[in-house]
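The structure appears below as structure tokens.
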Amino acid sequence: MKMRGRMLGLYAALYLVFLYAPVLMLPLFSFNDATYVAFPLRGFTTHWYAQLFADADLRAAALNSLKVAVVASLTATAAGTLTAYALTRRRGIATKPVAVLSVAPLFVPGVILGIGLLIVANLIGLGPSLIAVTFGHIAICLPLSIVIMRGRFAAYSPSLEEAAMDLGAPPWTTFRRISLPIAAPGVFSCLILSFTTSIDEFIVSFFLVGQDQTLPLFIWAHLRFPTQLPRMLALGTIILVLSCLLVLCAEIIRRRGADRATVIA
């Protein structure tokens, strides 16, 4: 048993090294005073970060990604919350087919989804643009929102809603005054995760973007030039830190919501 425990501990350690060592290389080399990525490190510098903040094209790409992410996350969270509530509380013939179709985009390869959305955008006359990218990100974030919120609504008893309706509250008032406040931690968690997903999305954006660039596409375009690599490492470090903070906040909110739902139930 002791040997087995040691082997499991060794496996866990190797797994964590394999998973996170490449990611930790980003902040390490982003402070390296050299244009090449190799050991030994040449010296410490913040020059690459200073260049990032002085780049007008980077600021424009970041602003485009921010606009798309805000609209996509808000829309996907709102639509996903309503859809998940209907699938959880309303049972009918179409419930199971709709539940399956609503999460189907999660299992579609990004390349196939991007090509399909590009065809649709061209057919409706929208064409490659930031608006098309926004719709594409909504299509990606919506299934994620539905999955999260279905679990959230299923975590507490519907008897609370039934009691409110027995007292004369209409369905919309019951949802707004009872269901939504209880599910609020899940909504905030879903909003943060959708925002993070949209900011990091590359494949669908690659197919749908027009003349304007998003942040992932800006990084992709500059990675072709070796002299730009240190700046991209610095940018990747900033994105990594912000993404980790957002995901951590989402997980904290989700756990608090789960504990609250347990108490209510």
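The values are calculated or read from the model by the stated rules, or taken from the named source; none is laboratory data. Remember, predicted model here, so these are calculated numbers, not experimental data. So basically every Cβ, Gly included, is an ideal-geometry build from the backbone, and we count neighbours across all protein chains shown.
Values computed for the structure shown
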read-out: Selection count where residues are surrounded by 24 or more Cβ atoms within 10 Å (Cβ to Cβ) and either charged (D, E, K, R) or out of contact with any helix residue (DSSP H, G or I) (no Cβ under 8 Å at 6 or more places or on another chain) (or both), scope the range 185-219; value: 1
read-out: Filtered residue count, the range 153-179, keeping only those that are assigned to a helix (DSSP H, G or I) and surrounded by fewer than 16 Cβ atoms within 10 Å (Cβ to Cβ); value: 11
read-out: Looking only at the range 9-30, and only at residues there that are more than 23 Å from the chain's Cα centre (by Cα) and in contact (Cβ under 8 Å) with a residue 24 or more places away in the chain, the one that is surrounded by the fewest Cβ atoms within 10 Å (Cβ to Cβ); value: F29
read-out: Checking R152 against (1) at pLDDT 85 or above; (2) under 18 Å from the mean Cα position of the chain (by Cα); (3) not β-branched (V, I, T), the condition it does not meet; value: (1)
read-out: Residue in the range 29-37 that is modelled with pLDDT under 85 and within 30 Å of L142 (Cβ to Cβ) present; value: no
read-out: Where I131 falls short, out of the listed (1) over 21 Å from A60 (Cβ atoms); (2) hydrophobic (A, V, I, L, M, F, W, C); (3) out of contact with any helix residue (DSSP H, G or I) (no Cβ under 8 Å at 6 or more places or on another chain); value: (1)
read-out: Subset of the range 214-228 that is free of Cβ contacts under 8 Å to residues at least 12 places away in the same chain and part of a loop (DSSP other than H, G, I, E, B) - its residue that is farthest from P128 (Cα to Cα); value: F225
read-out: The listed residue being under 30 Å from R90 (Cβ atoms), assigned to a helix (DSSP H, G or I) and at pLDDT 80 or above, out of I239, I182; value: I182
